[in-house]
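To start, the structure under review is shown below, and the notes come after it.
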Amino acid sequence: MENNNIQGIHHITAIAGNAQRNYDFYTRVLGLRMVKRTVNFDDPGTYHFYYGNENGVPGTILTFFPWEGIVNGRAGTGMATEIGYSVPAGSLEFWAGRFKEHKVKHGTVEERLGERYLSFEDPDGLKFDLIVSKYADDRMAWTTPEVAAGAATKGFHSVTLTLHSIKPTATILTDIFGYELKEQEGNRFRFVTNVLPTASVVDLVEEPKGVRGLSGAGTNHHVAFRVHDEAVQMEFREKILKKGLHITPKINRDYFYSLYFREPGGVLFELATDNPGFTVDEPLAELGTGLKLPLQYQGMRAEIEKALPPLHF
Ligand code: ZN
């Protein structure tokens, strides 16, 4: 892996309503591992959940801010509108059956850009595709008694951004992030980085007459791209500033360092580092089992635990 490049997707963050419903869906129905349970660093009365594979490697991490009672958003332009998970060949029929059994809203198996996929929505209406990837994927999945290795999700395949016009966003992907336009089908343009084989796809869907997305439950908040470390991250910061875009200073998120900027198509992008990772405050075997608080809130643990909605495991 070339360390000075963008290394695909790091994580994707979305908004949920009820915390318990979110936890049950992702850990039980989808069979992901909760790799971190913490609070929103800007709003410590709210959880921040991280779901991923066994060791929580970048490219597998889906995170949520569950806000009880928040109104539903609306997917639309200027937003990440679909999350693609890579699943093993032959598993889509298992998933269709499982979604039916658990009353999960889902489509039928279809094919796009030479890959079979199955669409579904989470309980808040967030849209996903399970995709049998045509790119090599040897990542180890987290497995549960109900979701075994033959079906378990391996991490991200792709993220889809819906845009009024793809050109300004495409320029960021190609000129700064090192992605290439590889394929097109209809109004879907596939950009891929060849730095690594997984979580390497960004699909841009052009909808010139599309309605602008509205933030709320069941919508994506931002897409984080992966950088090796802070030195590389700061090099990208310079490149983004040179394009005339605003970008935040480096922010410590405890499990990675972050920079945020809004790309010209309207989607909030983040650059997040591999270091220090999720084992910085709990061992691998215990990931996600305790409520972890950043340093600035550790003295307020009792009040924070009281304010957070109860969660049953
Ligand atoms: Zn983030």
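General observations
- Working ranking of peptides 161-171, 86-96 by packing, defined as the average number of other Cβ atoms within 10 Å per residue, highest first, is 161-171, 86-96.
- Region 1-118, accessible surface, carbon-and-sulfur percent (1.4 angstrom probe): 48 percent
- Options P58, Y255, G73, ranked by Cα towards positive dipole end of the chain, top entry (Cβ charges): G73
- Prolate/oblate/rounded label for region 176-282 (Cα gyration tensor, a/c 1.5): prolate
- Percent accessible area from carbon and sulfur atoms, region 145-295, protein chains only, probe 1.4 Å: 55 percent
- Between T144 and K242, the simple label model (points 7 Å from Cα in the Cβ direction) yields a spacing of 4.6 nm.
- As a length-normalised measure over Cα pairs under 8 Å and 6 or more apart, the relative contact order of region 1-78 settles at 37 percent.
- Hits among lysines - C-alpha to C-alpha of K127 under 26 Å, sequence gap 8 or more where chains match: K36, K100, K103, K105, K154, K167, K182, K209
- Shape analysis of region 106-194 places it in the prolate category; the axes a ≥ b ≥ c from the Cα gyration tensor give an a/c of at least 1.5, with a/b above b/c.
- Normalised per residue, the accessible area of the chain is 42 Å², obtained with a 1.4 Å probe and no contribution from ligands, DNA or RNA.
- Cα gyration tensor, region 9-307 - rounded (a/c under 1.5), prolate or oblate: rounded
- Restriction of the trypsin sites (Lys or Arg not before Pro) in region 209-277 to DSSP coil positions whose beta-carbon has at most 11 other beta-carbons within 10 angstrom yields K209.
The values are calculated or read from the model by the stated rules, or taken from the named source; none is laboratory data. As the structure is a prediction and not an experimental result, all values here were calculated from the model. Glycine also receives a Cβ, built like all others from the backbone with ideal geometry; neighbour counts cover every protein chain displayed. What goes into the accessible areas is simple: the full protein's heavy atoms, side chains included, and nothing from ligands, DNA or RNA. Shrake-Rupley method; radii C 1.70, N 1.55, O 1.52, S 1.80 Å.
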